[in-house]
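Have a look at the structure below before the remarks.
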Amino acid sequence: MTMDKFRCRAKTRSEEETAAFAQQLAAALAETDVVALVGKVGSGKSVFARALISALLAEAGRVEDIPSPTYTLVQTYEARFEIWHVDLYRLDEPREILELGLQDAFGSMLCVVEWGDRIAEFLPGNTVRVELEPVPGCWNSRIITVNTSCQAVAARIEGIQGSHE
Ligand SMILES: Nc1ncnc2c1ncn2[C@@H]1O[C@H](COP(=O)(O)OP(=O)(O)OP(=O)(O)O)[C@@H](O)[C@H]1O
Ligand SMILES: [Mg+2]
């Protein structure tokens, strides 16, 4: 187990609050970071990814649809840097990411990876892990835990905070 250099938990009470939290993270990211989104079906990984990517596109003066890469596995975007949006739901085994070229993408562009825990052993050191968990009995709430074991990433993202700690 590697040690966390940064960890925070936030509770969001709506899709919009999750999107706002993702926008905060977007502003703190650098061009070769990896954001690994973790959480069960319907937890909000795509809501988070879409808000994060659209914030980066908006900053570069672009407005685009952000379709789910569930079938294509990868969608690419050009913002202040290149972005790969990856959804590994349909990945049968971790080695398939070699065919996707994902290991080359790590380290050369910003990668936002839904179901990132499916390739946990391949995630690079500069990964930000974002876990979304439903709250029993609170249909529109999520607990979001953000952590990284990378000091350089931690220094950039340590200012983010949810509306309810
Ligand atoms: N606080 C919240 N944050 C995020 N999404 C929320 C929240 N409350 C309700 N939702 C709803 O939960 C759903 C999340 O769907 P989303 O597609 O983002 O999940 P997912 O984790 O990507 O699922 P899948 O694994 O099936 O792709 C959306 O319908 C969204 O409106
Ligand atoms: Mg999804």
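Per the Kirkwood formula applied to alpha carbons, the chain shows a radius of gyration over Rh ratio, Rg over Rh, of 0.93. Distance between the pseudo-spin-label points of GLU31 and ASP92 (7 Å out from Cα toward the beta carbon): 3.7 nm. Helical runs assigned H by DSSP (4 residues or longer) give the chain a calculated mean residue ellipticity at 222 nm of -7500 deg cm²/dmol, each run adding -39500 (n - 2.57) before division by the residue total. Each label point was placed 7 Å from the Cα along the Cα-to-Cβ direction; for VAL63 and ALA152 their separation is 3.6 nm. Rounded if a/c is under 1.5, else prolate if a/b is larger than b/c, else oblate: which is the range 1-81, with a ≥ b ≥ c the root eigenvalues of its Cα gyration tensor? Since a/c stays below 1.5, the shape of the range 1-81 is classed as rounded.
Just the number, please: percent antiparallel of the DSSP beta bridges in the chain, rounded to the nearest 5. Don't jump to the answer; show the numbers that get you there.
Working: 19 of 34 bridges.
Roughly 55 percent of the DSSP beta bridges within the chain come out antiparallel.
Taking 7 Å steps out from each Cα toward its Cβ at THR70 and GLN161 produces label points 3.7 nm apart. Each Lys or Arg adds one and each Asp or Glu takes one away; over the other residues whose Cβ falls under 13 Å from the Cβ of LEU110, this sums to -3. The value of relative contact order for the chain, using C-alpha pairs under 8 Å at least six residues apart, is 40 percent. Placing +1 on the Cβ of every Lys and Arg and -1 on the Cβ of every Asp and Glu, with no other charges, gives the chain a dipole of roughly 500 debye about its Cα centre.
Once the C-beta distance of ARG80 and THR2 is scaled by a Förster radius of 30 Å, the resulting FRET efficiency is 0.60 to the nearest 0.05.
All of the numbers you see were taken from the coordinates with simple rules; none came from a lab. The shown structure was predicted, so the numbers you read here are calculated from the model rather than taken from an experiment. Positions of Cβ are generated from backbone atoms using ideal geometry, with glycine treated the same way; all protein chains shown enter the neighbour counts.
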